[in-house]
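Participant: Sharing a structure, written as structure tokens. Questions coming.
The values are calculated or read from the model by the stated rules, or taken from the named source; none is laboratory data. The structure presented is a predicted model; accordingly, all values stated were derived computationally and were not measured. Cβ placement follows ideal geometry from the backbone for every residue including glycine, while neighbour counts extend to all protein chains displayed. We work out accessible area using only protein heavy atoms, side chains counted, and drop any ligands, DNA or RNA first. Shrake-Rupley method; radii C 1.70, N 1.55, O 1.52, S 1.80 Å.
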Amino acid sequence: MGAASAIRKALGRSTSFEATIDNPFLHFDTDGVASELRLEERGAENGAQDLPASDATGRDAVELEISNWVSRAWQEASAEADRWFLACDQRISNLSLLTQLPTIESSAIQTESQIKAEVAQATMRLTTARDAVAQSYSQLLSFQRDHGLNRPANLTPSLILTYGTILLTWIVETAANSMLLRQNDDFGLLGGIGAAAVVGGINIGVAVFAGRNILPRLNLRSRARPVFALLSGLWGLFLILWNLFAAHYRDAKVAGVEGPEFAAAAMMTQLPASIYSWGLLILGIIFAIIAAIAAYRMRDPFPGYADVWEEHERRCADYAGEIEVASDELRALHDDASEGFTDIRTGLARQLADQARALTGRNAFAQRLTRFHAELEQAGRQLLAVYRDRNRAARSTPPPGHFDSGFSLAAPAIPPAPEAALKAADVERGDQILSNAQRSISDTYLAGVHSFETLEALKARLHA
């Protein structure tokens, strides 16, 4: 919020207003000046010569030198005081609160406008996303109604579980078959494992294909359903015949028959001769069924249902994300404005305290300057007394009449304090403006957020 940032800068940290005139000339060294001007020696010398004359009406050179020293110190102090009073009075009369109050109000109006603009833009984005949710929900209802579904879709389970199950059935079947197929094989165990891998791979591969592409289509209400029922039956027949062929092939391998695959084909009208072949026949069928079930559950068994369901869920997630983004944008504007107003409110109290310190420091400085003025006058009288007393003591004639006169400086020119630019009532008024602005922005922010239809409310409305 640019306006709030500008106000925070204008109402930044204040400077101190304590009286800090500590220049060396403010500590007038009377004894040092008397020594440097040799007042006692020069007083005795001039007195011995009866100077100044008894009828002299003006100060002599020594007295003028004393007056110049003291006057110069006062002029330097007065110049420093003038600069200090000017800076202090400008600060007192130019505090920025009163000039910034309209900016505070305009800043609040600007922020409200930004929030309303963001709400308008977010509403347009949400309208598109909401229409997409409504459309996907209509498609989902239509799909469920057409196919008699009243359950949620079974989405993809863990890929590790699905593919792990299929791979495990193939590995176990291969391992079991290789124990028999390695016998009488020219390549020994390696040849047996290769043959078993091919037998198991075909068995499991066809089962996976049937489980993924044939069995799910039995759920469809379409004219093609009998075709897939026939294909399912053919797969069941293939399952039995292939595993029977594999059993005879194992028996032929164990018996050492040449061309065991041809022998196995010729033995298809017979039952397996070995109990081991019977066991592996049953295991082959079981493993194939397990693999087919895993493939069947790899996706929702009703073709296309998972896709429609996931599309609807994706659009719901997009809508929820749009609401979150819009709410975050509004919250950023609101929080920035609140932070700015908090800084401004702190600045109001700080400015009032600064002004009070400035006025207190100004009064203390004026008193100190007055005291310094009196100290310099006293110093001037003391210096003249040192010179005149020694002059009188050394004279043979009466001293001139002005030796009895005192010493004075021009009165300190302390400008009147300016009228305070800031009063407690101003701070209260500014605080009220801030409170009203912050309340207005908060109301606008909450109204904007509440105008967004939440995903839960949208779903409830669509389900009604």
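Participant: Using θ = phi - 60° and the Karplus form 6.51 cos²θ - 1.76 cosθ + 1.60, what ³J(HN,Hα) does each residue of segment 445-455 get, whole Hz, x for Gly and Pro?
Facilitator: After applying 6.51 cos²θ - 1.76 cosθ + 1.60, I find 4, 5, 4, x, 5, 5, 6, 7, 6, 5, 4 Hz.
Participant: In the chain, with Lys and Arg counted as +1 and Asp and Glu as -1 at Cβ, which of these residues, Thr165, Ala366, Gly236, has the Cα nearest the positive end of the dipole, that is, farthest along it?
Facilitator: Gly236
Participant: Here's a follow-up. Can you give me the C-alpha center-to-center distance between segment 375-408 and segment 314-342, rounded to a whole angstrom?
Facilitator: Answer, in whole Å: 85.
Participant: By how many degrees, between 0 and 90 and to the nearest 10, does the Cα long axis of helix 188-213 differ from the longest principal axis of the chain?
Facilitator: Its long axis makes an angle of about 80 degrees.
Participant: Just checking my list (i) 26.0, 90; (ii) 53.5, 169; (iii) 25.9, 77 against Rg and Dmax of the Cα atoms in Å computed from this structure; which label fits?
Facilitator: Comparing each candidate, only (ii) matches the computed number.
Participant: OK, next. Rounded to the nearest percent, how much of the accessible area of the chain (1.4 Å probe, protein heavy atoms only) is carbon and sulfur? Could you put the intermediate results ahead of the total?
Facilitator: Values: 14510 of 24470 Å².
Carbon and sulfur atoms account for 59 percent of the accessible area of the chain.
Participant: Using C-alpha positions alone, give me the convex hull volume of segment 224-307 per residue in cubic angstrom. Working shown, then result.
Facilitator: Numbers: hull volume 9.0 nm³, N = 84.
Convex hull of Cα atoms, per residue: 107 Å³.
Participant: Compute the separation of the alpha-carbon centres of segment 28-99 and segment 237-287 and state it in Å as a whole number.
Facilitator: 131 Å
Participant: Put +1 on the Cβ of every Lys and Arg and -1 on every Asp and Glu Cβ in the chain; which of Ser142, Gln75, Leu455 then has its Cα farthest towards the positive end of the dipole?
Facilitator: Highest projection toward the positive end goes to Ser142.
Participant: Same structure, new question: Taking the 0 to 90 degree range and rounding to the nearest ten, how far is the long axis of helix 275-296 tilted relative to the main principal axis of the chain, both from C-alpha atoms?
Facilitator: Tilt relative to the chain: about 40 degrees.
Participant: In addition: Treating the beta-carbon of each Lys and Arg as +1 and of each Asp and Glu as -1, no other charges, what is the dipole magnitude of the chain about its Cα centre, to the nearest 20 debye?
Facilitator: Values: 43 positive and 54 negative charges, 522 e Å.
With only Lys, Arg, Asp and Glu charged at Cβ, the dipole is about 2500 debye.
Participant: Something else: Note down the net charge around Arg392, summing +1 for each Lys or Arg and -1 for each Asp or Glu among other residues with Cβ under 14 Å from its Cβ.
Facilitator: Here the count lands on -3.
Participant: Considering only Phe245, Pro216, Asn177, whose Cα is most displaced toward the positive end of the charge dipole of segment 175-314, charges sitting on Cβ of Lys, Arg (+1) and Asp, Glu (-1)?
Facilitator: Towards the positive end, the residue furthest out is Pro216.
Participant: Something else: Based on DSSP loop calls and a cut-off of at most 11 other Cβ atoms within 10 Å, the longest stretch of the chain free of exposed trypsin sites (Lys or Arg not before Pro) is what?
Facilitator: The reported range is 224-464.
Participant: Another one. So, with +1 on the Cβ of K and R and -1 on the Cβ of D and E, and no other charges, what is the size of the charge dipole of segment 284-325 about its Cα centre, to the nearest 20 debye?
Facilitator: With Lys and Arg at +1 and Asp and Glu at -1, about 380 debye.
Participant: Given the rule -39500 (n - 2.57) for each run of at least 4 DSSP H residues, summed and divided by the residues of the chain, what is its mean residue ellipticity at 222 nm, to the nearest 500 deg cm²/dmol?
Facilitator: On the way: 13 runs with 345 residues, N = 464.
Value at 222 nm, helices only, nearest 500: -26500 deg cm²/dmol.
Participant: Further question on the same structure: What distance in nm separates the two pseudo spin-label positions at Leu190 and Ser440, each 7 Å out from Cα along the beta-carbon direction?
Facilitator: 8.9 nm
Participant: Full extension from Thr123 to Gln432: what is 0.36 nm times the residue separation minus their Cα-Cα distance, to one decimal in nm? Show your work: numbers first, answer last.
Facilitator: On the way: separation 309, 0.36 × 309 = 111.24 nm, distance 3.27 nm.
Here the segment from Thr123 to Gln432 would lengthen by 108.0 nm.
Participant: Could you do me a favour and compute the accessible area per residue for the chain, 1.4 Å probe, result in Å²?
Facilitator: Accessible area per residue: 53 Å².
Participant: While we're looking at this one, here's another question. Please state the charge dipole magnitude for segment 236-361, taken about the Cα centre, from unit charges on C-beta atoms (+1 on K and R, -1 on D and E), reported in debye and rounded to the nearest 20.
Facilitator: Using Cβ point charges on Lys, Arg, Asp and Glu, segment 236-361 gives about 640 debye.
Participant: Something else: Run the simple label-point estimate for Glu36 and Ala464 please: 7 Å along Cα→C-beta, distance reported in nm.
Facilitator: Placing both labels 7 Å along Cα→Cβ, they lie 9.5 nm apart.
Participant: Could you run the Karplus curve 6.51 cos²θ - 1.76 cosθ + 1.60 with θ = phi - 60° over segment 265-271 and give me ³J(HN,Hα) per residue in whole Hz, x for Gly and Pro?
Facilitator: Per residue, the Karplus-derived 3J(HN,Hα) values read 5, 6, 8, 5, 7, 10, 8 Hz.
Participant: Would you mind checking the tilt of helix 159-181 against the longest principal axis of the Cα atoms of the chain, expressed as 0 to 90 degrees and rounded to 10?
Facilitator: In the chain, helix 159-181 runs at an angle near 40 degrees to the longest axis.
Participant: If the cut-off is a Cα-Cα distance under 19 Å, which aspartates and glutamates reach Lys253, setting aside same-chain residues fewer than 8 apart in sequence?
Facilitator: Glu173, Asp185, Asp186, Glu261
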